[in-house]
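Worksheet for the structure shown next.
The values are calculated or read from the model by the stated rules, or taken from the named source; none is laboratory data. Nothing here was measured: the structure is a model prediction, and the numbers come from that model. Here the Cβ is made from the backbone with ideal geometry for all residues, glycine too, and neighbour counts use every protein chain on show. Heavy atoms of the whole protein, side chains included, go into the accessibility calculation; ligands, DNA and RNA do not. Shrake-Rupley method; radii C 1.70, N 1.55, O 1.52, S 1.80 Å.
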Amino acid sequence: MLFRTTNKCGNMKPITILIADDHKLVREAWSFILNSDERFQVIADCPNAESAIMQVKELRPDVVIMDINMPGMNGIEAIPFIRKFSPISKILGVSCYTFPDIARKMIIAGASGYVTKNSSRDEMFHAVIEVVAGKKYLCKEIKSLIEERINGTDDPKIRLSSLSVREIEIISAVRKGLTSKEIAEEFRLAPKTVEIHRYKILKKLKLSNSAELVDFFNRHQSDF
């Protein structure tokens, strides 16, 4: 089904979409791409999750295209509020993160699908149509990484795919040279919790210390 409903004149109505992303250029690009197809209509775009929640409550779009990593409330945290204020809205997560575990968390939180910013225009269109039809959708890139992980590959990109959003945030802080105490203060965590995260990160990436961690990410920035 390409369209949800018909108007009073019997004409098909396009799928209404709200875009939430903290980068204006990204919002404008997605709006232009989606509006270029008569099946879709972008009715609002928001720079953060909080404003997206308010707009969703008023506009009740068919689909919310939600970035994950935004200042303040992140996309995953926003999902329960969107579902509360507009149960009819389907949520499609979009992120630069090519990590299956993050896609899984998005779906568990209540999203209907997940695509990466490496996905093509046609795959984005397909994802929107699938979630509106009541189906779950994971992009080809995520499915490929899941399959590679199952097959036991030791590709660095696969190791990176096991990281959580919090672990990614902590790695970014480590790369900036912050100590565990400073990281704890920045993210309002107990120092012990930060140490546990750092231990798990090293274990997942099969590294021994912070120096190796920084070097690993310097060598694989294109995968991060």
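DSSP assigns beta bridges within the chain; of those with both partners inside it, close to 5 percent run antiparallel. Per-residue ellipticity at 222 nm computed for the chain from its helices equals -15500 deg cm²/dmol, with DSSP H segments shorter than 4 residues left out and the rest contributing -39,500 (n - 2.57). At the residue level, F81 shows approximately 90 square angstrom of accessible surface with a 1.4 angstrom probe and all protein chains present. What the Cβ-Cβ distance of L202 and K176 gives, at R0 = 25 Å and to the nearest 0.05, is a FRET efficiency of 0.90. Rounded to the nearest 20 debye, the dipole magnitude of the chain is 600 debye, with +1 charges on Lys and Arg beta carbons, -1 on Asp and Glu beta carbons, and the Cα centre as origin.
Surface composition of the chain: carbon plus sulfur atoms contribute 52% of the solvent-accessible area (1.4 Å probe, protein chains only, all chains present).
Relative to the current alpha-carbon distance between N69 and A133, full extension at 0.36 nm per residue lengthens the span by 20.4 nm.
Can you give me the distance in nm between label points at N209 and D22, each placed 7 Å from the Cα along the Cα-to-Cβ direction? For the pair N209/D22, the computed spacing is 3.2 nm. The mean accessible area for residues of the chain, using a 1.4 Å probe and ignoring ligands and nucleic acids, is 52 Å² per residue.
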